[in-house]
Amino acid sequence: MPFVVVVGIQWGDEGKGKVVDYLTEKAHLVVRFQGGNNAGHTIIVDGKKTALRIIPSGILRPDTRCLLAGGVVIDPSILIEEIKSLEQNGITVTPKRLGIAGECPLIMPYHIGIDQERERKKSLTGTSIGTTGKGIGPTYEDAVSRNGIRVSDLVYLDKLKEKLEVIVEGKNLYLKKVLGSELEYSAEEIFKLLTEQAKIIVPYLSNISQELARAKSEQEFVMFEGAQGSLLDIHHGTYPYVTSSSTVSGFACVSAGFGPKSIDYVLGICKAYSTRVGEGPFPTEDTGYDGEKLREIGREFGTVTGRPRRCGWFDAVAVRKAIRINGIDSMMITKLDILSGFKTLKIGLHYLLDGAPVDDLPLSPSECGKLQVHYEELEGWTEDISKVTSFDELPVNAQRFLIRLEEVTETKIGGFSVGPERSQTIVLSDDIKAFSKNAH
Ligand code: IMP
């Protein structure tokens with residue numbers, strides 16, 4: 001049974017949670033490997049909505065164990081809130097069902113304050129990133145500069161107190177002197193809170209690298225669930241308008257502690273059009289009628305922040321880049337149903353910069369801003385496709401659209417979805433069918 005990595009291959013919100021939920025019917029383990037509660041999945045099962053921010057959506061499958069690998073940043077308050085809310089909805093989250101790596105950096109209250117105050121300050125000069133304000137960037141910064149607090153620190157509370165005193169003093173100074181903020185944190189109060197939170201979180205601690213080595217040797221089916229999208233990757237995304245973690249498939253290895261040769265399949269999730277939340281380059285954005293229509297019909301509002309998402313057409317150049325940096329084996333095209341009723345559909349085929357063709361996203365945001373997109377137009381369809389159960393049942397123009405996506409990205413379409421329910425995901429690839437059905 002394989003190790004399968006599922007990643008978004010646009011700017012996030014591609015519908016990964018729903019696809020992972022569908023595919024994990026038989027998974028032994030579902031692992032999140034980056035990001036934090038800046039991600040949000042809304043999963044609908046039998047008409048009942050569950051919103052998840054940090055715990056993998058595999059938790060909804062009673063026989064699946066979920067893991068948070070060391071590259072995930074955890075806000076302990078949010079994690080505890082989520083565990084409680086799942087339990088109130090009848091989903092038990094015992095340490096048997098959820099394991100957390102000791103390496104995970106903790107999001108502290110001052111990280112959230114710094115994130116929001118920085119954005120506020122930057123907004124005065126029009127340079128804000130449009131972060132989710134959840135403290136993600138400042139937490140990763142501290143981890144990299146070796147000033148972080150990790151889940152494993154919750155085991156050694158006596159040492160944590162001293163560490164916090166030094167860190168919090170520095171953060172308060174930074175907030176006041178550099179950011180001009182009135183926010184001030186108390187090491188004492190944070191320590192008190194962490195002491196309480198430790199009682200709930202410590203029992204979930206697990207050696208994830210060892211668990212995965214065992215899973216590999218016992219040929220278990222493991223699904224690695226990416227958050228955000230490849231074009232928000234800290235290295236390869238539209239920097240600086242990116243998130244602070246690596247969102248690409250290779251990071252699953254780094255985060256969870258296994259070698260790259262263990263990955264058997266990389267599945268890219270991609271909407272039939274494009275969206276982006278926050279600031280930054282978005283060459284195929286449609287700020288007119290079609291963009292508004294996509295947002296309205298596609299209900300394109302952030303799960304975490306509620307912000308309206310910017311909408312536009314499928315960008316083949318950007319998706320090709322994401323396919324390349326992830327080593328995508330096949331793509332799942334989500335939200336195909338949202339395109340029903342558009343007379344003409346567009347696919348961004350390539351860019352022009354000052355009249356010259358460009359076949360990749362430029363590194364400079366200002367060059368990205370100057371890109372012109374060369375579009376191909378396809379005839380749309382009017383039929384409601386939300387009940388189709390196979391490729392053949394799709395209207396011929398919808399079939400043509402999918403085939404064209406396959407051609408322009410030079411990548412196989414492994415499936416597509418026509419609505420939010422589990423039953424509205426149609427898998428075409430035999431590989432995906434094999435690993436999602438034959439495990440356990
Ligand atoms: P941060 O991750 O909160 O630091 O935000 C950095 C950028 O990533 C902003 O443009 C956010 O809107 C974007 N972002 C973060 N998480 C998500 C997500 O789950 N979906 C889409 N965009 C996201």
Where only alpha carbons of the chain are counted, the Rg and the Dmax (Å): 21.7, 67
Förster radius 45 Å - calculated FRET efficiency between Ala51 and Leu352 (Cβ-Cβ, nearest 0.05): 0.65
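Just subtract the alpha-carbon distance of Lys293 and Glu169 from 0.36 nm times their residue separation and send over the number in nm, one decimal. Mind dumping the intermediate values first?
Working: separation 124, 0.36 × 124 = 44.64 nm, distance 4.92 nm.
Difference between extended and current length: 39.7 nm.
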Longest segment of the chain lacking trypsin sites (Lys or Arg not before Pro) that sit in a DSSP loop with at most 12 other Cβ atoms within 10 Å: 147-298
Would you give the gap between the C-alpha center of segment 52-67 and the C-alpha center of segment 392-413, rounded to a whole Å? 32
Would any residue of segment 304-339 have its amide N under 16 Å from a label point 7 Å out along Cα→Cβ of Asp264? List them or say none. 329-330
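Which chymotrypsin sites (Phe, Trp or Tyr not before Pro) from segment 69-158 combine a DSSP loop assignment with at most 12 other Cβ atoms within 10 Å?
Values: sites: Tyr110, Tyr140, Tyr156; in loops: Tyr156.
Those that pass, being in a loop and sparsely packed, are Tyr156.
What's the local net charge at Glu141, with K and R +1, D and E -1, over the other residues with C-beta under 13 Å away?
On the way: positive: Arg118, Arg146, Lys171; negative: Asp115, Asp142.
Once positives and negatives cancel, what remains is +1.
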Comparing Glu406, Glu184, Glu117 in a Gaussian network model of the chain (Cα, 10 Å), the one with the largest mean-square fluctuation is Glu184
Total charge dipole magnitude, segment 335-402, about the Cα centre, Cβ charges on Lys, Arg, Asp, Glu only, Debye to nearest 20: 160
Rounded to the nearest 20 debye, dipole of segment 109-203 from Cβ charges on Lys, Arg, Asp, Glu: 260
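Considering only protein heavy atoms and a 1.4 Å probe, what is the carbon-and-sulfur percentage of the accessible area of the chain?
Details: 9500 of 18620 Å².
So the carbon and sulfur contribution to the accessible surface is 51 percent.
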Label model pair Arg146, Ser128: point-to-point distance (7 angstrom along the Cα→beta-carbon line) in nm is 3.5
Counting heavy atoms of the protein chains only and a 1.4 Å probe, report the per residue accessible area for the chain as a whole number of Å². 42
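Please report, in cubic angstrom per residue, the volume enclosed by the convex hull of the alpha-carbon atoms of segment 109-203.
Values: hull volume 9.4 nm³, N = 95.
Taking only Cα atoms, segment 109-203 has a hull volume of 99 Å³ per residue.
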So between Glu218 and Lys161, what do we pick up on full extension, going 0.36 nm a residue minus the alpha carbon distance? 16.4 nm
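State which entries of Lys16/Lys216; Lys122/Lys159; Lys26/Lys84 exceed 27 angstrom in Cα-Cα distance in the structure shown. Show your work: numbers first, answer last.
Values: Lys16/Lys216 23 Å; Lys122/Lys159 36 Å; Lys26/Lys84 25 Å.
Those over the limit are Lys122/Lys159.
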Using a Gaussian network for the chain with springs between C-alpha atoms less than 10 Å apart, which of these wobbles most: Asp430, Asp315, Asp63? Asp430
Distance in nm between label sites at Glu188 and Phe301, each 7 Å beyond Cα in the beta-carbon direction? 4.3
Net +/- balance of residues flanking Leu349 in space, Cβ distance below 15 Å, scoring K and R +1, D and E -1: -4
The simple spin-label model distance between Leu363 and Glu393, using points 7 Å out along Cα→Cβ, in nm, is 4.9
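State whether segment 276-355 is rounded, prolate or oblate according to the following rule on the C-alpha gyration tensor (a ≥ b ≥ c being the square roots of its eigenvalues): a/c under 1.5 gives rounded; otherwise a/b larger than b/c gives prolate, and the remaining case gives oblate.
Numbers: a/c = 1.36, a/b = 1.26, b/c = 1.08.
Rounded is the answer for segment 276-355, as its axis ratio a/c remains below 1.5.
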Quick check on my link table: of Lys121/Lys370; Lys121/Lys335; Lys18/Lys346; Lys261/Lys321; Lys49/Lys293, which ones sit more than 32 Å apart, alpha carbon to alpha carbon? Lys121/Lys335
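What is the calculated FRET efficiency for Arg422 to His235, with r their C-beta to C-beta distance and R₀ = 30 Å, to the nearest 0.05?
Values: r = 34 Å, r/R0 = 1.13.
After rounding to 0.05, the efficiency reads 0.30.
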Most mobile listed residue (Asn37, Asn89, Asn147) in the chain, GNM with C-alpha springs under 10 Å: Asn89
Among Thr127, Val358, Leu164, which residue has its Cα positioned farthest towards the positive end of the charge dipole of the chain, with +1 placed on the Cβ of Lys and Arg, -1 on the Cβ of Asp and Glu, and the dipole taken about the Cα centre? Leu164
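The values are calculated or read from the model by the stated rules, or taken from the named source; none is laboratory data. Remember, it's a predicted structure, so these values are computed and weren't measured experimentally. Every residue, glycine as well, gets a Cβ built from its backbone with ideal geometry; the counts of neighbours run over all protein chains shown. The accessibility values were calculated without ligands, DNA or RNA, using every heavy atom of the protein model including side chains. Shrake-Rupley method; radii C 1.70, N 1.55, O 1.52, S 1.80 Å.
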